[in-house]
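Participant: Sharing a structure with you now.
The values are calculated or read from the model by the stated rules, or taken from the named source; none is laboratory data. Computed from a predicted structure; not experimentally measured. Cβ: placed from backbone, ideal geometry, glycine included. Neighbour counts: every protein chain shown. Accessible surface is based on the protein model in full, side chains and every heavy atom, while ligands, DNA and RNA are left aside. Shrake-Rupley method; radii C 1.70, N 1.55, O 1.52, S 1.80 Å.
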Amino acid sequence: MSKPVVLQVGPYPAWDQEPLDQAFDVKRLFEAEDRAAFLASVGPDVRAIATRGEMGADAAMIAACPRLELISVYGVGYDAVDLDAARAAGVAVTNTPDVLTQDVADLGVAMMLCLSRGIIGAETWVRDGSWARDGLYPLKRRVFGRKAGILGLGRIGFEVGKRLAGFDMDIAYSDIAAKEYAPDWKFIADPVALADHVDFLFVTLAASAETRHIVGAEVIKALGPEGMVINISRATNIDEEALITALSNGTLGSAALDVFEGEPALDPRFLDLDNVLLQPHHASGTVETRQAMGQLVRDNLTAHFAGQPLLTPVM
Ligand code: 8YV
């Protein structure tokens, strides 16, 4: 029996590529010089798309694959998949929740500590001889005991909160409703009021059209010149223009960012700011998590073609 044809949108590590190639007839879109021509040629045979969180599958890609049955996303975020187009075409969508939660939370907290304590600058202070020449490194701001806000108390937001509790931080959160699984943390429904209340604001919401620019000029202003925003979700959750303006004129203290509009080509103005920590969208980037994500992508594909229920369906 011939193997099902799977369109692969972006590269995976070798440990994923080999088993994927063994089980399926994989067509690598990312290696094509002319993507439209490649899609036109392989699209009619494609029965599943294996994509990545930040790459998704747009309406044109879905339309180019009339036999498409499943889109399997390597990532928890599926905002880059055109869900309306998938639904209209009767295509199922899966993602990789849970397996990455802890690592994403870890990186968010590490970013807060790194930026607040000036760890990158301190490393340079040692290496470039400033320590020997100029003496003590400039004092930074503490983390423990201060106020942290979590915008979106889903799986990742909750794990961030658990870690912050270990730093004796005073924790508050915004979500659609108060969560019974977080009885000790203060619920502040309005994101502006949350920002006004805290020193550190973690953005951990699943991105959608509704959450676009939820961190806008008002939230940023409320966070203020001593405040820090940490984004481990999607760039679209923050109004980047308002963010860059506030970071440049000091109305916002600092930002630790793992995601950017148009990434990996980020707005060059970020590079001129010294009150930002810039990370290359790698919150889930550990060997352990990426192996588990790849396995889940394949397990969903395998279950689908075996007529079994999907493991982690989005819809
Ligand atoms: C990426 C992510 O998928 O989980 C998500 O939503 O964005 C990430 O885990 C990862 O960078 C691999 O492409």
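Participant: Can you say whether Tyr173 is touching a residue at least 24 places away in the same chain (Cβ under 8 Å) and not in a helix (DSSP H, G or I), as far as the supplied structure shows? It would help to see each step written out before you state the result.
Facilitator: On the way: touching a residue at least 24 places away in the same chain (Cβ under 8 Å): yes; not in a helix (DSSP H, G or I): yes.
Judged against the criteria, Tyr173 is a match.
Participant: Hey, any hits in region 135-154 for a residue that's more than 16 Å from the ligand (Cβ to nearest atom) and part of a helix (DSSP H, G or I)?
Facilitator: no
Participant: Can I ask one more? Could you please tell me which pairs satisfy a Cβ distance under 9 Å, a separation of 6+ or placement on different chains, a first residue in region 10-36 that is within 19 Å of Ala80 (Cβ to Cβ), and a second residue that is part of a loop (DSSP other than H, G, I, E, B) and open to solvent by 60 Å² or more (accessible area, probe 1.4 Å)?
Facilitator: Between residues of region 10-36 that are within 19 Å of Ala80 (Cβ to Cβ) and residues that are part of a loop (DSSP other than H, G, I, E, B) and open to solvent by 60 Å² or more (accessible area, probe 1.4 Å), the close pairs are Gly10/Glu54; Gly10/Met55; Arg28/Pro11; Phe30/Pro11; Phe30/Met55.
Participant: Okay, moving on. How many residues are in contact with a Lys or Arg (Cβ under 8 Å, 6 or more places away or on another chain), hydroxyl-bearing (Ser, Thr, Tyr) and touching a residue at least 60 places away in the same chain (Cβ under 8 Å) when one looks only at region 73-128?
Facilitator: Within region 73-128, residues that are in contact with a Lys or Arg (Cβ under 8 Å, 6 or more places away or on another chain), hydroxyl-bearing (Ser, Thr, Tyr) and touching a residue at least 60 places away in the same chain (Cβ under 8 Å) number 2.
Participant: Can I ask one more? Grab the helices (runs of 4 or more DSSP H) fully contained in region 200-315, keeping just those with 1 or more residues being of a type in the set (Lys, Arg), surrounded by 15 or more Cβ atoms within 10 Å (Cβ to Cβ) and away from the ligand (no atom under 16 Å from the Cβ).
Facilitator: In region 200-315, the matching helices (runs of 4 or more DSSP H) lie at 217-223.
Participant: Report, by residue number, each residue of region 134-190 that is farther than 17 Å from Val203 by Cα and touching a Lys or Arg at 6+ places or on another chain (Cβ under 6 Å).
Facilitator: Of everything in region 134-190, just one residue is farther than 17 Å from Val203 by Cα and touching a Lys or Arg at 6+ places or on another chain (Cβ under 6 Å), namely Lys140.
Participant: Residues of region 6-25 being open to solvent by 20 Å² or more (accessible area, probe 1.4 Å) and part of a strand (DSSP E or B), which ones?
Facilitator: Result: Asp25, single match.
Participant: How do the pairs read when you match residues in region 247-268 that are over 12 Å from Asn231 (Cβ atoms) with residues anywhere that are of a type in the set (Asp, Glu), using Cβ under 8 Å and keeping only pairs 6 or more apart or on different chains?
Facilitator: Gly253/Glu226; Asp267/Glu240; Asp267/Glu261
Participant: Let me confirm something: among Tyr173, Tyr137, which residue is hydroxyl-bearing (Ser, Thr, Tyr), out of contact with any strand residue (DSSP E or B) (no Cβ under 8 Å at 6 or more places or on another chain), modelled with pLDDT of 95 or more and open to solvent by less than 70 Å² (accessible area, probe 1.4 Å)? Steps first, answer last, please.
Facilitator: Numbers: Tyr173 fails: out of contact with any strand residue (DSSP E or B) (no Cβ under 8 Å at 6 or more places or on another chain).
Exactly one residue qualifies, and that residue is Tyr137.
Participant: Might you let me know whether region 155-168 holds any residue that is open to solvent by less than 50 Å² (accessible area, probe 1.4 Å), more than 16 Å from the ligand (Cβ to nearest atom) and part of a loop (DSSP other than H, G, I, E, B)?
Facilitator: no
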